[in-house]
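Mind having a look at this structure? Questions to follow.
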Amino acid sequence: MLTPLDIENKKFKKVMMGVDPQEVDDYLRMVLSDYEKIFRRNIELEDRLSVLDDALNRYKEMENTMQNAIMVAQKAGDDLTRAAHEKANVIVGQTKVRISEAIAEANTQIHRLEEKYDTVRAEFETYKVKMSAMLRAQQELLDSVGDISQIVRKDDVTNVARLFEDAEFTEDRLSNEREPSFS
């Protein structure tokens, strides 16, 4: 294939009337042939360049669309994050209020139980004092009675035993009269 330098350096033989027309025609045909190849190749490359340029433009449009979609998604994500933080803050606030209320209620119940405990303890102490006083009084009564022989004579004990036997007999008879007989 001819180069631009080949064309520039080409020297034609001089003939009487100037250059050899046959040689010039041959050279021009070669130049024309190469030029046609270059021209076709240039058209092909321009077509290919146009296709690639169109594809590049489509890709740039897609890139812009994707960048816009990413920005929209980022904004939506930021909005969701902000909303989630706000909701979490509301929930935390409500939970703190509920916890405070529960603690206050628990403290009230503890106070009531402490008051009830104090009341029961005071009542127990009063009972203990009364029981101690009653036991002392009983002990004093027992201590003052002395020996049983001083209180009851032997004959009196026999009479008291008979009274108990009569009472048991009467009680047995009464209970038999009350029970229905199934015979």
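Using the structure shown, decide if Leu56 is at negative phi, surrounded by fewer than 10 Cβ atoms within 10 Å (Cβ to Cβ) and assigned to a helix (DSSP H, G or I).
Working: at negative phi: yes; surrounded by fewer than 10 Cβ atoms within 10 Å (Cβ to Cβ): no; assigned to a helix (DSSP H, G or I): yes.
Here the answer is no, as Leu56 does not meet what is asked.
Report whether or not Phe12 is at pLDDT below 85, aromatic (Phe, Trp, Tyr) and in contact with an Asp or Glu (Cβ under 7 Å, 6 or more places away or on another chain).
Here the answer is yes, as Phe12 does meet what is asked.
To continue, here is another question. Any idea which of Ser144, Ser149 is modelled with pLDDT of 70 or more, polar (S, T, N, Q) and assigned to a helix (DSSP H, G or I)?
Of the residues listed, the single one that is modelled with pLDDT of 70 or more, polar (S, T, N, Q) and assigned to a helix (DSSP H, G or I) is Ser144.
Quick one: what pairs do we get from region 1-17, first residue of a type in the set (Phe, Trp, Tyr), second modelled with pLDDT of 70 or more, C-beta under 6 Å, 6+ apart or different chains?
Pairs found: Phe12/Val19; Phe12/Glu23.
The values are calculated or read from the model by the stated rules, or taken from the named source; none is laboratory data. What you see is a predicted model; the values in this text were computed from it and never measured. Every residue, glycine among them, receives a Cβ derived from its backbone with ideal geometry; neighbour counts consider all protein chains shown.
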